[in-house]
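Since the structure comes first, as structure tokens, the remarks are kept for the end.
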Amino acid sequence: MPNDLTTILEAIWAGLVTGAQDARHPFHTPVVATARMGDCDARVVVLRRATPDHRELAFHTDARAPKVPLLQACHTTAWVFYDPAGKVQIRAKGETAVHRDDAVAAQAWARTKLMSRRCYLAELAPSTPVDEPTSGLPAAFIERSPTAPESEPGFANFAVCVTTVTRLEWLKLAARGHQRAAFVWDADASRWQGSWLTP
Ligand SMILES: Cc1cc2nc3c(=O)[nH]c(=O)nc-3n(C[C@H](O)[C@H](O)[C@H](O)COP(=O)(O)O)c2cc1C
């Protein structure tokens, strides 16, 4: 069990970076929660990027999805990750910027597989009520991926949601007693301030 805060902070970001890169890592599919006007919502997403130097976590979504106005309206977005093998929970909080039709979106779109771009070609926006079960995908792309030119109209519906993290929490479960630490971004000092918490 690590017992110094600097090592824990480094391990948190290293785990998040691995989680973004490795689809088999449990940190690859965190839960992202939003709140607005006394209501809240949470959903699983794919962690697409973790950038320690900028304190950023990013996922992709359909710009027409209901979560987009929620992300834009709420001051903080919460992310929760759990690694059952390491018995580590990470919680992250921060403000989220939604990038659509800008340089950040274009850079992420360029790295997106054609198969993944299919989702952004759906005619109906996510959460549209329908009479029958449907994937919403255009018929042409149910059995195959779009070609690069065919995928391009999807860019208009593509959004990159980037949270700039201001608080991190680490919880390590152990038979002899759990441990918990919190890290708050000190903007004046441009550094993380770590502290221990009771679990
Ligand atoms: C494993 C898994 C990964 C998912 N990844 C994403 C994702 O990266 N982006 C996304 O918008 N939705 C993703 N979803 C779907 C969301 O959980 C959610 O159902 C959908 O986005 C609608 O959310 P909303 O109504 O809050 O907009 C994923 C679901 C699962 C089960």
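Observations on the structure shown:
- Modelled spin labels at residue 87 and residue 14, positioned 7 Å past Cα toward Cβ, are 2.0 nm from each other.
- Set of lysines near residue 93 by C-alpha distance (under 19 Å), chain-local residues within fewer than 8 positions excluded: 67, 172
- The range 5-197 - Debye-derived log10 I(q)/I(0), Cα point model, q = 0.07, 0.12, 0.14, 0.18 Å⁻¹: -0.23, -0.65, -0.86, -1.25
- Treating r as the C-beta distance of residue 72 and residue 4 and R0 as 35 Å, the FRET efficiency rounds to 0.40.
- Using the Cβ-Cβ distance between residue 131 and residue 39 with R0 set to 30 Å, the FRET efficiency works out to roughly 0.65.
- Working ranking of peptides 149-162, 127-140 by packing, defined as the average number of other Cβ atoms within 10 Å per residue, highest first, is 149-162, 127-140.
- Heavy-atom accessible area per residue - the range 5-197, 1.4 Å, Å²: 56
- Estimated FRET transfer efficiency (residue 178, residue 31; beta-carbon r; R0 22 Å; 0.05): 0.65
- J(HN,Hα) series, the range 149-164, from Karplus relation 6.51 cos²θ - 1.76 cosθ + 1.60, nearest Hz, glycine and proline x: x, 5, 7, 4, x, x, 4, 5, 9, 8, 9, 10, 9, 10, 9, 8
- Residues with amide H under 5 Å from that of residue 158, placed H, sequence gap 5 or more: 63
- Computed in the context of the full set of protein chains, the accessible area of the range 5-197 at 1.4 Å probe radius has 54% of its extent on carbon or sulfur.
- Taking each residue as 0.36 nm, the span from residue 156 to residue 54 lengthens on full extension beyond its C-alpha to C-alpha distance by 34.1 nm.
The values are calculated or read from the model by the stated rules, or taken from the named source; none is laboratory data. Every value quoted in this text rests on a predicted model; they were computed, and no experiment measured them. So basically every Cβ, Gly included, is an ideal-geometry build from the backbone, and we count neighbours across all protein chains shown. SASA here: full protein model, heavy atoms, side chains in, ligands and nucleic acids out. Shrake-Rupley method; radii C 1.70, N 1.55, O 1.52, S 1.80 Å.
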